[in-house]
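Data first, discussion second: the structure below is written as C-alpha cells.
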Amino acid sequence: MNPRPSQLRRLALVVLAVLLLGGGSLGYVLHARHRGLPAAAADGSFSLAEPGLYYRDSATGRIARRGGTGGPPATGGPACERFHAAGEHALCLRKLPGVPARTQALVLDRRLREVERVTVPGIPNRARVSASGNVLSWTAFATGDSYATTVFSTRTSLLDLRTGYLIKSMEEIPLTIDGTRYHAPDVNYWGVTFARDDNRFYATVSTKGRTHLVEGNLHDWSAKALRENVECPSLSPDDTRIAFKKKVSDDPAAPWRLYVLDLADMREHPLAETRSVDDQAAWLDDGTVGYALPGGEGRGSDIWSVPADGTGEPRLLVPGGFSPAAVH
C-alpha cells in the first residue's frame, strides 16, 4: 500500500530534524572536497604561478597582483573580501547574501581552482594560510564588526588539508593562562598565524576585557597564553618574530599601533607607522611588514609597508588595495 501524503510529510520532517540535530552536534567534521571547480569567477589566465604581491583591489573586489617590475598590476583574480596565499593554496573569504550573515571560505589551488568550500556564520574578517599551504584558518565576526568596541564575538576555524580535518570553532581548545587551565564563557579567538612546521601556531584570545597572545599546538590541541595586549599576530617567515597591533589608547578612533615582538627574548618595539592600524599585518619578506589603512577619497583602503626593525618610514605600496599576501 502506498503511503499517504500526510505520512510522507511527517517522514520528511523527521529526516530533516535528524539531519539538523546531527549537523549541529558535530564539533569536528571531515569536509568533502570539490576539486577542479571554478573559483568565484576567476579569469583562467590568473594564477599564483607568478611571484609578487597579491591583494584585493578595492575598486573591483577581485584579487590582483603587483610584480616587481613596476608595471601595471595583473587583474582577473577571484572575487574575495579577504585573501591570503602561501605554498600550494590560497584562501578566499566571501560574504554570502542574506540574513543572518554568513561567510564562505573557499580553498583554492595555485591555479585558483576550488578545492574546498566551508560556510560559517558571520562576516569575513581574517584569513591565513601556512607557509606550506597545508593548514588554513579564517575568522568571522559572529556579532559586531569592530575590535574597537567590547560588543563583538568571533568564530575562528582551522582546516588541515592533509587530513581533511575541520575545526569550525577554536573556542573549545584547552587554554592555559598563568599556568592554570582557563574556562570562561566570553573567550574569543582571532588572527591565527602558523609556524613553518604546520603544527605550532599563534593567535589572539580575548577574555574579561583583556587580550592575550597564545601559542597553540595542533598535534596536542592545546594553547597557552604568553603575554597580554597582543592582537592579530603575524609570524615572520623565519619563525622568530611576531608583528602585531598593540592597544596604546582608549580612543576608539585610534586605539592601536603596530609592534614587533622577538620570540627569543620576548622584547617588543614599535614600528615607524604611527597611525592606528586595524589589520593583521603580512610579512612581505624577512624585514618588511605590509598592512592596510583607510584609503583616499573613493579608494576604500591602501596597502602600506614599513621596516620590521622600527627604522625608516611608511611607504605606500598599492593605492586602493587590501588584504596583502606576498607569494614567492
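Taking all protein chains together and a probe of 1.4 Å, list 246, 224 from the most accessible to the least accessible. If you can, show how the numbers build up before the last one.
On the way: 246 45, 224 105 Å².
Largest accessible area first, the residues go 224, 246.
Evaluate the relative contact order of region 62-151 (contact order divided by residue number), counting alpha-carbon pairs under 8 angstrom at least 6 apart; express in whole percent. If you can, show how the numbers build up before the last one.
Details: 197 pairs, mean separation 19.6, N = 90.
Rounded, it is 22 percent for region 62-151.
Would you calculate the separation in nanometres between label points at residue 200 and residue 316, each defined as 7 Å from the Cα along the Cα-to-beta-carbon direction?
3.9
Given H placed on each backbone N at 1.01 Å, which residues far from residue 132 in sequence or on other chains put an amide H within less than 5 Å of it?
Long-range HN contacts for residue 132: none found.
Pairs of alpha-carbon atoms within less than 8 angstrom and 6+ residues apart define the contacts here; what relative contact order does region 176-294 have, in percent? All intermediate terms of the calculation are to be shown ahead of the outcome.
On the way: 261 pairs, mean separation 19.9, N = 119.
Relative contact order here is 17 percent.
Any chance you could look up the accessible area of residue 66 with a 1.4 Å probe, heavy atoms only, rounded to 10 Å²?
Counting only protein heavy atoms, residue 66 exposes about 80 Å² to solvent.
Which whole-number value in Å² is the accessible area per residue of region 175-276, probe 1.4 Å?
On the way: 4620 Å² over 102 residues.
In whole numbers, region 175-276 has 45 Å² accessible per residue.
Through the Karplus equation 6.51 cos²θ - 1.76 cosθ + 1.60, θ set to phi - 60°, convert the phi angles of region 260-276 into ³J(HN,Hα) values in whole Hz; use x for Gly and Pro.
Taking θ as phi minus 60°, the curve returns 10, 10, 8, 6, 5, 10, 6, 8, 10, 9, x, 8, 5, 6, 9, 6, 6 Hz for region 260-276.
Going by accessible area, probe 1.4 Å, with all protein chains left in place, what is the ranking of 276, 130, largest first? Don't skip to the end; give the middle numbers.
On the way: 276 30, 130 0 Å².
Ranked from most to least accessible, the order is 276, 130.
Ranked from highest to lowest mean number of other Cβ atoms within 10 Å per residue, what is the order of the peptides 73-79, 172-178? Please report the intermediate quantities before stating the final value.
Working: 73-79: 19.4, 172-178: 15.6.
Per-residue mean Cβ counts within 10 Å order the peptides as 73-79, 172-178.
Which of the lysines could be linked to residue 245 by a straight reach, that is with a Cα gap under 20 Å, when you skip same-chain ones fewer than 8 residues away?
Counting by Cα, and skipping residues close in sequence, residue 245 has these lysines nearby: 208, 224.
With an 8 Å Cα cut-off and a minimum separation of 6 or more residues, compute the relative contact order for region 206-245 in percent.
Details: 53 pairs, mean separation 12.4, N = 40.
Averaging sequence separation for qualifying contacts and normalising by length gives 31 percent for region 206-245.
The values are calculated or read from the model by the stated rules, or taken from the named source; none is laboratory data. If you're wondering where the values come from, they're calculated on a predicted model, not measured in any experiment. Glycine also receives a Cβ, built like all others from the backbone with ideal geometry; neighbour counts cover every protein chain displayed. Side chains are part of the model used for accessible areas, which takes the heavy atoms of the whole protein and leaves out ligands, DNA and RNA. Shrake-Rupley method; radii C 1.70, N 1.55, O 1.52, S 1.80 Å.
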